[in-house]
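Some notes on the structure that comes next.
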Amino acid sequence: MIRISSLFAVVCTTTLVLAGCATQGGGEAEKAGLRPVLAQAPAPLDRPSSTGGLFLAGEVALDAGSGDQAAELFSRASAADPSDLTLKERAFTASLVSGRVERAAELAPAPGEASDALVALGRLTRAVEALATNRPKEADAILSEGWSAGPHAPAALLLAPWAALAAGDTKAALQPHPGSDRVVLSFADLGRARLAERAGRYAVAEPLLKALAGQRDSLFAEAYGEFLERRARRADAIKLYDAILLKTPDNPTIQSARERARASRPAPPQPTLRQSAAEALIGPAAALSLRREGDLGLSYMRLSLRLDPDSAPVWVLVGDALNAAGDREGARIAYEHVRPGSADHVQALTHLAVLRQQADDPAGALVLAKAAYEERPSDPQAMVTYAELLRTAKRYDEAIVLLDRLIIKLGTAPSAAKLYFLRGAAQEKAGRWPLAEADLKRSLAIKPDDAEVQNYLGYAWADRGEHLPEALALLQKAVRSSPQQGALLDSLGWARFRAGDYKAAVSDLERASALEPSDPAIVDHLGDAYWRVGRSVDARYQWDRVLTLDPEDDLKATARRKLKEGGGAVGETASPVGPVAVAPTARP
């Protein structure tokens with residue numbers, strides 16, 4: 001089955017109705033009806049109304065990212081007052097987002113009970129539920145008309161051929177797609193190719209797949225490669241995979257496909273009807289997620305899983321969506337649905353490792369990252385995640401060995417810029433500054449406008465008192481690109497401090513501290529700058545604040561020394577070299 005990992009990037013490069021990539025906030029989701037504006041204010045908590053209490057509790061759960069709990073609360077409230085359409089809307093949307101598709105289908109609003117967009121989403125939900133429960137004629141009837149426009153029309157039009165085929169109407173299933181949107185047409189062509197292959201019409205399927213593979217690189221290339229493997233044309237499949245890897249050598253999905261074909265292992269089976277129908281919903285889901293319509297995108301993913309509950313790629317996407325919404329427990333459960341042996345298991349393990357790290361369990365995170373790496377040592381994401389967690393655990397040499405291997409593999413590919421940065425950070429922490437400096441420069445040579453690397457190298461130079469003009473130029477560029485990042489302003493202020501421009505340093509560091517008031521290193525730098533401009537009382541106040549912000553031991557000791565000795569300790573490096581509040585990311 002086609003992997004979905006590169007789908008978001010592909011959809012985002014095309015300008016069309018289905019997938020605009022500009023950030024539009026939450027307005028579109030509201031227009032689409034997923035989180036409708038309340039018709040009336042909710043009942044106060046102190047009102048003697050269990051329905052009102054359930055409603056407010058559901059809203060709190062929804063805002064906290066607990067969709068499953070919200071669905072239960074809204075459903076209970078709706079059952080207590082079936083005449084309240086707002087309760088029914090909330091119960092429907094929360095049930096859908098939390099994966100209770102069967103319940104959502106029961107609660108789907110009828111025309112006149114909600115906005116047109118929400119009614120359409122309800123129809124789509126009922127169609128999916130009908131397909132999932134072996135009622136294809138009902139699904140076909142729902143999807144066969146009334147979808148010419150609206151936010152859910154692309155998904156319905158992509159799903160309709162599979163409902164028609166399930167209902168026995170092969171002729172209708174193979175009809176060209178009526179839309180004009182390029183992404184919708186691309187996924188429609190994929191569906192037509194799948195349908196043609198099922199019907200044994202390989203001469204129809206292959207030109208469609210071949211055109212898609214050329215149009216979208218790795219996204220549809222895997223689908224074409226699997227088709228070739230099923231036709232016992234492994235040499236052609238390997239040639240296709242090699243061509244993709246020349247462009248994207250760090251693509252683990254295509255790497256795995258190539259390894260399978262070269263080893264003459266069995267080709268992936270043709271997707272079932274329900275799997276293909278589930279696949280049809282992924283393009284719209286990705287487009288909605290790219291437009292920051294997270295709830296709508298997640299709803300489509302849940303509909304897809306209702307048709308194919310074992311789809312590992314979609315479970316990974318659900319985990320990513322829930323994690324982005326702040327529901328780490330839901331994300332963990334989603335990632336754990338991915339079974340060992342799946343092509344996506346390594347990706348799920350790496351994401352679980354990051355979740356463990358975020359939950360302040362570095363030992364558990366390292367165990368998972370190591371397991372992912374050992375399962376697939378050639379996987380770039382697994383290698384980088386494991387290397388980063390080794391670096392975090394101060395096992396710098398082990399991290400560098402992994403990054404060495406990956407850098408040799410990728411050469412000067414654009415993604416290598418991040419790898420040089422990560423290796424440079426590890427070299428710097430290991431005390432090998434010349435090697436670190438060389439890697440940071442290589443990273444900028446590949447990607448000159450990377451503010452994170454500009455910040456790291458510029459700060460390191462400034463902190464050492466080296467190349468101060470170059471350091472200031474780098475840090476000024478970084479701040480211009482992200483003027484509201486306190487870490488960047490801190491680095492620029494510290495560079496000006498090191499250059500002796502204390503007045504300008506105070507200005508930058510005050511802004512940095514306002515943006516990051518709880519960062520002890522920024523507060524410490526501000527104290528140093530205050531001392532240099534003669535504001536000794538303000539300086540001591542800042543150093544005293546450092547001790548209240550849970551600083552690292554060396555920073556704590558330095559702050560105490562400054563409070564005791566005053567200006568005699570100012571200007572010493574209070575923390576390990578490296579930009580304040582910036583750590584290398586875990587993925588290139």
Any chance Ala334 is surrounded by 24 or more Cβ atoms within 10 Å (Cβ to Cβ), farther than 22 Å from Gly283 by Cα and hydrophobic (A, V, I, L, M, F, W, C): no
Counted residues, the stretch 239-268 - those being under 22 Å from Pro414 (Cα atoms) and touching a residue at least 24 places away in the same chain (Cβ under 8 Å): 12
Members of the stretch 401-414 that are open to solvent by 30 Å² or more (accessible area, probe 1.4 Å) and touching a helix residue (DSSP H, G or I) at 6+ places or on another chain (Cβ under 9 Å): Val401, Asp404, Arg405, Lys409, Thr412, Pro414
Top-ranked residue in the stretch 177-190 [being closer than 23 Å to Ala221 by Cβ and modelled with pLDDT under 75; ranked as surrounded by the fewest Cβ atoms within 10 Å (Cβ to Cβ)]: Arg182
Scope the stretch 237-273; condition surrounded by fewer than 17 Cβ atoms within 10 Å (Cβ to Cβ) and not aliphatic (A, V, I, L, M); matching residues: Lys239, Asp242, Lys247, Pro249, Glu259, Arg262, Ser264, Arg265, Pro266, Pro269, Gln270, Thr272
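Look through the stretch 98-143, keep the residues that are in a helix (DSSP H, G or I) and among the basic types (Lys, Arg), and return whichever of them is surrounded by the fewest Cβ atoms within 10 Å (Cβ to Cβ).
Lys137
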Within the stretch 302-346, tally of residues that are of a type in the set (Gly, Ala, Ser) and within 13 Å of the chain's Cα centre (by Cα): 6
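Quick grid of which residues meet (1) within 28 Å of Leu488 (Cα to Cα); (2) surrounded by fewer than 20 Cβ atoms within 10 Å (Cβ to Cβ):
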position: Gln358; (1), (2): yes, yes
position: Ala365; (1), (2): no, no
position: Leu389; (1), (2): yes, no
position: Ala393; (1), (2): yes, yes
position: Glu398; (1), (2): no, yes
position: Leu419; (1), (2): yes, no
position: Ala425; (1), (2): yes, no
position: Lys429; (1), (2): yes, yes
position: Asp439; (1), (2): yes, no
Test: residue in the stretch 304-316 that is within 30 Å of Asp361 (Cβ to Cβ), open to solvent by 50 Å² or more (accessible area, probe 1.4 Å) and without any contact (Cβ under 8 Å) to a residue 40 or more places away in the chain: yes
Residue tally, condition of a type in the set (D, E, K, R), at pLDDT below 50 and within 34 Å of the chain's Cα centre (by Cα), over the stretch 539-588: 1
Candidate set from the stretch 408-433 (those that are free of Cβ contacts under 8 Å to residues at least 60 places away in the same chain and of a type in the set (S, T, N, Q)); member that is nearest to Thr385 (Cα to Cα): Gln427
Qualifying residue in the stretch 279-286 (condition: under 14 Å from the mean Cα position of the chain (by Cα) and either farther than 22 Å from Ala382 by Cα or modelled with pLDDT under 90 (or both)): yes
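Taking the condition open to solvent by less than 70 Å² (accessible area, probe 1.4 Å) and farther than 19 Å from Arg560 by Cβ, does Ser536 pass? Break it down into steps so the answer makes sense when it comes.
Values: open to solvent by less than 70 Å² (accessible area, probe 1.4 Å): yes; farther than 19 Å from Arg560 by Cβ: no.
No.
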Residues of the stretch 434-457 that turn out to be in contact (Cβ under 8 Å) with a residue 40 or more places away in the chain and either closer than 17 Å to Arg391 by Cα or not charged (D, E, K, R) (or both), as a count: 2
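Take the stretch 442-462 and flag every residue that is outside any helix (DSSP H, G or I) and more than 25 Å from Glu516 (Cα to Cα).
Passing the criteria: Lys447, Pro448.
Which one of these is touching a Pro at 6+ places or on another chain (Cβ under 6 Å), in contact (Cβ under 8 Å) with a residue 12 or more places away in the chain, among the small types (Gly, Ala, Ser) and closer than 21 Å to Ala278 by Cβ: Gly99, Gly122? Steps first, answer last, please.
Working: Gly99 fails: touching a Pro at 6+ places or on another chain (Cβ under 6 Å).
Only one candidate qualifies: Gly122.
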Elements of type helices (runs of 4 or more DSSP H) contained in the stretch 318-396, each with 1 or more residues being among the hydroxyl-bearing types (Ser, Thr, Tyr) and within 22 Å of Gly297 (Cβ to Cβ): 328-336, 345-358
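The values are calculated or read from the model by the stated rules, or taken from the named source; none is laboratory data. Every value quoted in this text rests on a predicted model; they were computed, and no experiment measured them. Please note: Cβ atoms are built from the backbone with ideal geometry, for glycine as well, and neighbour counts cover all protein chains shown. These accessible areas exclude ligands, DNA and RNA; they are computed on the full protein's heavy atoms, side chains included. Shrake-Rupley method; radii C 1.70, N 1.55, O 1.52, S 1.80 Å.
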